[in-house]
Amino acid sequence: MFSNAKMMKQIAFENLTHDVHTIREKTANFLTGVESDLRLLQNASFVQRFVTALEGSAEPAKERVTEQLASELLAFARTKQIYYQIRIIGNAGDELLRIECQTLSDSLLSFRSAPVSKLRQGFESYYLLVAEGLTKGEIAFTPAEVAHERTERVPVIGFVMPLFGSKGRDGLLIANIFAKDLFRVIETQRHLNLQGKIVLVSSDGHYLYHSEKKKDWNKLLASREDDNLQHDYSPSISAQLLSGQEGIIDEGIDEIISYGPLFSPRGTSFTHQPHAFSNPFFVFESLDKETVLGPAWAFSRTFAGFLMIFLITSIGLGLLATRQFTKPIAMLQHGAEIITSGNYGHRLQVETHDEIENLAQQFNVMAGSLEAHEREILRHRTKLQEMVQDRTRQLTEEKAKLQALLDNVPSAVVLLDQQFQIQAASAAFSSVTGCRFEDVRGRDCQSVFCKDGFCRECVSRQAMLSGNTESHIDKTADRAGADRYIEHVAIPMKENGNVSSILEIITDITKRKQLEQRLLQTERLTAAGEMSALIAHEFRNSLTSVKMILQLQRESKGLSSRERKSLDVALNSIYHMEGVVTELLNFARPSPMEFHPVQLSDVINDSITFIESHLRKNIRIEKFLRGPLPPVDLDAPHFKEAMINILLNAAQAIENKPAMRRKEIVSVRTHTTTLGKELRDFTLRDNMGEAQDDDGGVRSGREITLKKGTRCILVEVSDTGPGIPRDLLNRIFDPFFTTKSNGTGLGLPMVKHTVNAHGGVVTVESRKGRNATLRIYLPLKETTHA
């Protein structure tokens, strides 16, 4: 067996060594051909003329020489058919000429000369670094990948030779051959048709070629710092492979490796040795020992198996013979172990008719006595377990009742320890806080709640310090961006007078807050309706009587011009008061709206045309109407009146500025948009044309909700006025609220009523001292009319 394994290993050594020599010789022949090509080009007259032109010729002469050189190199590349690129770069890293392959098929290759506009300028420092230190006639080569038509990467082997003139080095001649041509040379027919691997490696351990990774050329180059010889082999084996010597390695690894330098040292008998290459490279071929020595090892394992069967059979027969003597003693030992484990009902059956049988009978008597004591103990234990189970059931029922109470409370009840870590929570915890209890158990409550505005003040810490119940309400936003109100109540739990834990109750009071706001708006609307009804019934008739008397008095012929002028002033005041009364009546009982498909841009243009004649000369309206907008169902007269009110408010706000500029602007913009957050509004009345109940009371409004992602038409009106103070923003839509001396406070409430009747929402954004912006959102998909 050992002789057979040794012979097979020796055959593998010889074949591997022969394969490595063959690869080295053919690779050297290939590289010698490349060397000869480069030397031929270096010494060619057209290259020498080009080098001479680089040192001092005029530009026209350089261009002629370059064209001639490009023509010669094109012919050279078409003849050789192994070069992907032939390039010449200057000492500054600029590309002076490039001959490149146009197609990548395996058929006859076609080449072209790159135009001057495509030559790379100042990006070839890598090749300058590779050629650093090369003397005249020396060649360096390096693996690389070149982008072809910016869509494909071509593996190449780059050969770099310096070009010297009378003044020194004038540039570099670079020849990039297809890496696949070198791989074909390396993958020559081998003696061993086993699954071995061939590797070509540089002196620093980087793989130039690896037969198992040749299909992942880009990965092989990109991961060279991690996937290299030092990564795959131990330092000692890597040092042997890179030593420059020839040899075989089969100790300490699971492979048989034959290795040697790609270029033999000068002076050896190795033929076709290229002398110009400055790069040391090494080649080795390896086979798994299992592949070579598998048959010998299989025979060894078979022989060892038969030997083990023989030994096991002999030992088994010996044990069978001794069993007759050891069996009674083993039974005694086994019985003792059973009784020790607690099985006192076990009895021994030994029939040897000697002292061992007597010992087994005494053993059975002892086991019977232990069994009687065990039954008594078991009876007492059963009674105790029944008592414990009954008490446990009672506690479980009480706990279930308490948990049911907590789980059915809509508030989240959270128990915190003295370190404010979450210990327990009710079922509503997830729905109120948005967190799963399993994810936050044991965490500090501040790290869970005090984010995104959910808890701005830690009432639990305040309760721990004060020893009293603390509460706080926070305003935050839900996932849709709508306002959300959270109430935190912290109750200290005391033991022996000291706070041992905190019971925090977290309640979502958003609906309660919304109800409060609705009640407040209802109260305001009630007051407005009552006031409007009072003015409509009490003042209108009186104003009519006064107006008729003044009109009759003015028609008298005996009036002086001064008296007639005074009567005109009085009549104008009466007309103004009638207009106010009419506006109040329109607010109290607005006319029903009729909706028709209308182009919103036309309504806005009509409103601007009407209002422009009422503006001062220094106030100008700029419109940015992005169109065409989708048609939308509108009540055109009401919406036009709303736009006129908005534009008049903007113009009047500019007129009330302390110092007006020469040019003041009111801008109107329209476009479609998608809501990034949810918008909500509460209407002043529930129906478009009905503001009161049958008994005369004001009917409460309804809520309008535009969900996030709704497609809307946005109308945006901005002015360069003084802006609106923050404390007044929430009141500008209240009926009769105004900051103008002659205003009624009904313009913006009517605007809000009209927009709400179209299913839309109106918002205002402003700060004191800056311009104000009013935005109207009209939904496109669904419009729900009151």
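Among the lysines, which fall within straight-line cross-link reach of LYS547, defined as a Cα-Cα distance under 17 Å, with same-chain neighbours fewer than 8 residues apart omitted?
Hits, sequence-local ones excluded: LYS565.
Mind scanning LYS707/LYS740; LYS623/LYS657; LYS401/LYS494; LYS677/LYS740; LYS623/LYS752; LYS62/LYS136 and naming the pairs with a C-alpha gap bigger than 26 Å? Show your work: numbers first, answer last.
Working: LYS707/LYS740 35 Å; LYS623/LYS657 22 Å; LYS401/LYS494 23 Å; LYS677/LYS740 34 Å; LYS623/LYS752 22 Å; LYS62/LYS136 23 Å.
Beyond 26 Å: LYS707/LYS740; LYS677/LYS740.
Please report the carbon-and-sulfur percent of the accessible area for region 1-156; probe 1.4 Å, protein heavy atoms only, DNA, RNA and ligands left out.
Working: 4420 of 8170 Å².
The C+S portion of the solvent-accessible surface of region 1-156 is 54 percent.
Stokes-Einstein D for region 71-144 at 20 °C, 1.002 mPa s, Kirkwood Rh over Cα pairs, in µm²/s?
Working: Rh = 13.7 Å.
In µm²/s, the coefficient is 156.
What distance in nm lies between label points placed 7 Å from Cα along the C-beta direction at GLN652 and PHE303?
According to this spin-label approximation, the distance is 11.6 nm.
Quick check: at a probe of 1.4 Å, how many percent of the accessible area of region 363-426 sits on carbon and sulfur atoms? Write down the numbers at each step before the final one.
Values: 2880 of 4800 Å².
Using a 1.4 Å probe with all protein chains present, region 363-426 comes out at 60 percent carbon and sulfur.
In terms of Cα to Cα distance under 18 Å, which lysines are near enough to LYS289, apart from those fewer than 8 places away along the same chain?
Once the sequence-local lysines are set aside, what remains near LYS289 is LYS6, LYS9, LYS197.
Please enumerate, by chain and number, the aspartates and glutamates with C-alpha under 13 Å from the C-alpha of LYS118, excluding those fewer than 8 residues away in the same chain.
The qualifying aspartates and glutamates are ASP94, GLU95, GLU100, GLU149.
Distance between Cα centroids, region 629-653 to region 332-394: provide it in whole Å.
99
Starting from the residue with the highest accessible area, list SER667, SER431, SER36 in decreasing order, probe 1.4 Å. The partial results should precede the final answer.
On the way: SER667 15, SER431 90, SER36 65 Å².
The ordering from most to least exposed comes out as SER431, SER36, SER667.
Give me the accessible area per residue for region 15-149, probe 1.4 Å, as a whole number in Å².
Numbers: 6390 Å² over 135 residues.
That works out to 47 Å² per residue.
Over region 406-458, what is the relative contact order in percent, taking alpha-carbon pairs closer than 8 angstrom and at least six residues apart? Intermediate results must be reported in sequence, preceding the final value.
Details: 69 pairs, mean separation 15.1, N = 53.
Over region 406-458, the number comes to 28 percent.
Per 0.36 nm of contour for each residue apart, how much would the distance between GLU337 and GLU622 grow if the chain were fully extended, relative to their Cα-Cα spacing? Intermediate values should be presented prior to the final figure.
On the way: separation 285, 0.36 × 285 = 102.60 nm, distance 10.29 nm.
Taking GLU337 through GLU622 to full extension adds about 92.3 nm, to one decimal.
Amide H neighbours of HIS148 under 5 Å, at least 5 residues apart or on other chains, H built in the peptide plane: list them.
Amide H neighbours of HIS148, under 5 Å, 5+ apart: ARG153, VAL154.
If ligands, DNA and RNA are left out, what is the accessible area of SER341 with a 1.4 Å probe, given in Å² to the nearest 10?
Its accessible surface works out to 90 Å², give or take rounding.
Percent of accessible area on region 433-509 owned by carbon and sulfur, 1.4 Å probe?
Numbers: 1810 of 4140 Å².
Summing carbon and sulfur atoms, their accessible area is 44 percent of the total for region 433-509.
What's the long-distance tail for region 279-376, i.e. % of Cα pairs beyond 17 Å? Display every interim value, and only then the final one.
Details: 3389 of 4753 pairs.
Value for region 279-376 (Cα pairs over 17 Å): 71 percent.
Whole number in Å², please: accessible area per residue of region 327-391, 1.4 Å probe, ligands, DNA and RNA not counted.
Numbers: 5050 Å² over 65 residues.
Per-residue accessible area for region 327-391 comes out at 78 Å².
At a threshold of 8 angstrom on Cα-Cα distance, excluding pairs fewer than six apart, so keeping six or more, what relative contact order does region 709-781 reach in percent?
Details: 123 pairs, mean separation 36.1, N = 73.
Once normalised by length, the contact order is 49 percent.
Keeping all protein chains in place, calculate the accessible area per residue for region 415-498 (probe 1.4 angstrom), answer in Å². If you can, show how the numbers build up before the last one.
Details: 4650 Å² over 84 residues.
I get 55 Å² per residue for region 415-498.
Using each residue's phi in region 91-101, evaluate 6.51 cos²θ - 1.76 cosθ + 1.60 at θ = phi - 60° and report the 3J(HN,Hα) Karplus result to the nearest Hz, with x for Gly and Pro.
Calculated HN-Hα couplings, in order: 5, 8, x, 8, 7, 9, 7, 8, 9, 9, 6 Hz.
For SER117 and ASP439, calculate 0.36 nm times their separation in residues minus their Cα-Cα distance, and state this gained length in nm to one decimal.
Values: separation 322, 0.36 × 322 = 115.92 nm, distance 6.21 nm.
Residue separation times 0.36 nm, minus the Cα-Cα distance, leaves 109.7 nm.
Just by accessible area at a 1.4 angstrom probe, what is the order of ASP633, ASP474, ASP568 from largest to smallest? Please list the in-between numbers first.
Values: ASP633 75, ASP474 5, ASP568 50 Å².
The ordering from most to least exposed comes out as ASP633, ASP568, ASP474.
The values are calculated or read from the model by the stated rules, or taken from the named source; none is laboratory data. This one's a predicted model, so the numbers in the text were calculated from it and none came from an experiment. In this analysis, Cβ positions are derived from the backbone assuming ideal geometry, glycine residues included, and neighbour counts consider all displayed protein chains. Each accessible area value is taken on the protein alone, full model and side chains, heavy atoms only, with ligands, DNA and RNA left out. Shrake-Rupley method; radii C 1.70, N 1.55, O 1.52, S 1.80 Å.
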